[in-house]
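A.B. asks: Please see the structure below; I have some questions.
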Amino acid sequence: MNYTLKVWRQARPSEKGKLVSYSAHGISSEASFLEMLDIVNERLLEKGEEPIAFDHDCREGICGMCGSVVNGYAHGHQRGTTLCQLHMREFSDGSTIIIEPLRAKAFPLIKDLVVDRSAFDKIIAAGGFISIRAGSAPDGNAIPVAKEMAERAMDAAACIGCGACVAACPNASAMLFTSAKLAQLGLLPQGQVERDSRAREMVRAMEDAGFGACSNHGECEAVCPKEISTNFIAFLNRDFIVSSMK
Amino acid sequence: MRFYTTSVGKKIVMAISGFIVFGFVVIHLVGNLQIFFGPETLNRYAEMLQGLGGALWLFRALLLLSIVLHIVAATQVTLQSWQARPKGYAVTRYRTTSYAARTMRWGGPLIALFVVYHILHLTTGGLHPRPAGFISQAGGTINVYNNVVYGFQIWWTSALYIIAILALCLHLYHGVSSMMQSVGLNHPRWNQWRRFAAVFFSLFVAAAGVSIPLAVLLGLVQPV
Ligand code: HEM
Ligand code: FES
């Protein structure tokens, strides 16, 4: 398969970047999107050019490192899929593919498609934890958890923190990420002790990082590779109201 | 006020203030539909409202406060969001957001301008080419019915009302479901009702609001 890539190239944060065209020819339809970039990079290296910098790690859809904006969609157009799990057969032969970094003030660009998502770490550090004695593994059913609660907590916990929600949000808001990280704990008995302070502190950290304000467009849920529901955003709002009244 | 310093807090203020103004709009329109029952009914209703005296002013104060809070918070969250993405994308594709959701920031100011015009037009009666027969409140006897009919007989006045009501309909279509989400009223089991409420109330506002100027323009409602 042959493609024309238009890739955001920017050597350093201070530089003014631009979209640069590359030809990606002779690509197997079975290649993943990142493998396609690897091939293009090898050819760039052979020509003595700087390869395209992009983030990746597991390449099996679980680590949350990959994820650029491809043709206007974070992680590309296939729903519920990370960029590393998207295959080139999903793009028609001869098409042009525009690849841009996740864009948000809170995600400063490092190089090309690589952005700094440590703002997410700050949100987690502010309240995305529980204080328990981490001894040996507890008994399975020592603390009863309603099935519905356990399942909803697991749904929230599916978040891999890739940042696609922020990238797709017209407001560059981090509400889906923050709410998932808050709800995965707040829905369970073990997460009740810090429930109020968690809502206050995580929201505070989110604001301090410079994210935008949620206006319920729902684009985050639609691009999320784990299809996390915006129901968790309402959950966060509820916890935030309760914590503010105390 | 750490609550209000966050965008989450501001959105909650917007939701509650928006709900108050929304509640007023719905009741106001239900009241106004009495024009179809004839001049006596509408004028009696208007006199009843005027007779509320202090309570009326209390209510107006609450409404004004809500509108101010709503606009201030909306402006602040909008600026925050604009600052949150200094560099945009070359290509942007949307999957689920609606036209209504994307035009909240244009519809809002449009509605605010309309509210000012509306008060000057039908409440105080100033700053408007007054058609023959129009009586301002200062004039003593209240004939709200005739004022509305004479007012809407000017085609561009009716056109302005219809445009504003359609903008309001869009604003509320997103606003009603959004405000429930903002205060945490969301549950997978009731979400279809949320969507229903948004469609129902925004369509009601559009139908009720457009019906009055349209009926006058079509000559279905005549002055007495
Ligand atoms: C009759 C007048 C109005 C009513 C009934 C009304 C009602 C509402 C409601 C219920 C919401 C949802 C709040 C939420 O998301 O939780 C909303 C959102 C909004 N309103 Fe209004 N509103 C009115 C006028 C205005 C005006 C005059 C402005 C002018 C600036 C405005 C700007 C906005 C904006 C920008 C949003 C969306 C904010 C966001 O989602 O980020 N509204 N409105
Ligand atoms: S590289 Fe780990 S999720 Fe894509």
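A.B. asks: Here are some pairs, A:122/A:147; A:122/B:87; A:105/B:10; A:16/A:226; A:16/B:11; which of them have Cα atoms lying more than 27 Å apart in this structure?
C.D. replies: Values: A:122/A:147 31 Å; A:122/B:87 23 Å; A:105/B:10 20 Å; A:16/A:226 33 Å; A:16/B:11 35 Å.
Table pairs above 27 Å Cα-Cα are A:122/A:147; A:16/A:226; A:16/B:11.
A.B. asks: State, as an integer percentage, the relative contact order of the stretch A:117-245 based on alpha-carbon contacts under 8 Å between residues 6 or more apart.
C.D. replies: On the way: 163 pairs, mean separation 45.3, N = 129.
Normalised by residue count, the contact order of the stretch A:117-245 is 35 percent.
A.B. asks: Let me ask another. Given bins 5 angstrom wide, list per bin the percent of all Cα-Cα distances in the stretch A:117-245, short to long.
C.D. replies: 2, 12, 21, 24, 20, 12, 6, 3, 1
A.B. asks: Another question about this same structure. Helix B:191-217 versus the longest principal axis of chain B: what is the Cα-based angle in degrees, 0 to 90, to the nearest 10?
C.D. replies: Once rounded, the angle reads 30 degrees.
A.B. asks: Which length gain, in nm to one decimal place, applies between residue A:93 and residue A:142 when the Cα-Cα distance is subtracted from 0.36 nm times their residue separation?
C.D. replies: Numbers: separation 49, 0.36 × 49 = 17.64 nm, distance 5.59 nm.
Stretched fully, the residue A:93-residue A:142 segment lengthens by 12.0 nm.
A.B. asks: Where in the stretch B:148-224 are there trypsin sites (Lys or Arg not before Pro) that are in a DSSP coil and have at most 13 other Cβ atoms within 10 angstrom of their Cβ?
C.D. replies: Values: sites: B:189, B:194, B:195; in loops: B:189.
Sparse-neighbourhood loop trypsin sites (Lys or Arg not before Pro): B:189.
A.B. asks: In a shell of Cβ-Cβ distance under 11 Å around residue A:85, excluding residue A:85 itself, what net charge do Lys and Arg (+1) and Asp and Glu (-1) give? All intermediate terms of the calculation are to be shown ahead of the outcome.
C.D. replies: Numbers: positive: A:59; negative: A:60, A:90.
Net charge around residue A:85: -1.
A.B. asks: How far apart, in nm, are two points set 7 Å out from the Cα along the Cα-to-Cβ line at residue B:214 and at residue A:197?
C.D. replies: 5.8
A.B. asks: Starting from the Cα of residue A:38, step 7 Å along the direction of its Cβ; do the same at residue A:242; then give the gap between the two resulting points in nm.
C.D. replies: It works out to 4.7 nm between the two label points.
A.B. asks: Another one. Quote to one decimal, in nm, the extra length available between residue B:83 and residue B:59 on full extension: 0.36 nm per residue of separation minus the C-alpha distance between them.
C.D. replies: Details: separation 24, 0.36 × 24 = 8.64 nm, distance 3.62 nm.
Taking residue B:83 through residue B:59 to full extension adds about 5.0 nm, to one decimal.
A.B. asks: Assuming R0 = 51 Å, what is the FRET efficiency of residue B:72 and residue A:45, from their Cβ-Cβ distance, to the nearest 0.05?
C.D. replies: E between residue B:72 and residue A:45, to the nearest 0.05, is 0.40.
A.B. asks: For chain B, calculate the relative contact order in percent as a whole number, restricting contacts to Cα pairs under 8 Å that are 6 or more residues apart.
C.D. replies: Values: 196 pairs, mean separation 61.6, N = 224.
Value for chain B: 27 percent.
A.B. asks: Moving on to the next point. Name the trypsin sites (Lys or Arg not before Pro) in the stretch A:20-98 that are in a loop by DSSP and that have at most 10 other C-beta atoms within 10 Å, would you?
C.D. replies: Within the stretch A:20-98, the qualifying trypsin sites (Lys or Arg not before Pro) (loop, at most 10 other Cβ atoms within 10 Å) are A:47.
A.B. asks: Where in the stretch A:29-65 does the label zone of residue B:93 land, with the point 7 angstrom along Cα→C-beta and an amide N cut-off under 20 Å?
C.D. replies: Hits in the stretch A:29-65 for residue B:93 at 20 Å: A:29-37.
A.B. asks: Determine the shape class of chain B: with a ≥ b ≥ c the square roots of the Cα gyration tensor eigenvalues, call it rounded for a/c under 1.5, and otherwise prolate if a/b is greater than b/c, oblate otherwise. All intermediate terms of the calculation are to be shown ahead of the outcome.
C.D. replies: On the way: a/c = 1.99, a/b = 1.81, b/c = 1.10.
It is prolate, given that a/c is not under 1.5 and a/b is the larger ratio.
A.B. asks: For the stretch A:75-138, which chymotrypsin sites (Phe, Trp or Tyr not before Pro) pass both filters: DSSP loop (anything but H, G, I, E, B) and at most 13 other C-beta atoms within 10 Å?
C.D. replies: Values: sites: A:91, A:120, A:129; in loops: A:91, A:129.
When the chymotrypsin sites (Phe, Trp or Tyr not before Pro) of the stretch A:75-138 are filtered for loop state and at most 13 Cβ neighbours within 10 Å, A:129 remain.
A.B. asks: Moving on. Determine the principal axes of the Cα atoms in the protein assembly as shown, then give the extent along each, sorted from largest to smallest and rounded to whole angstroms.
C.D. replies: Reported extents, whole Å, longest axis first: 88, 58, 38.
Bear in mind that the values in this text are calculations on the coordinates, not laboratory data. This one's a predicted model, so the numbers in the text were calculated from it and none came from an experiment. Reconstructed Cβ throughout: ideal geometry from the backbone, glycine too, with neighbour counts over all protein chains shown.
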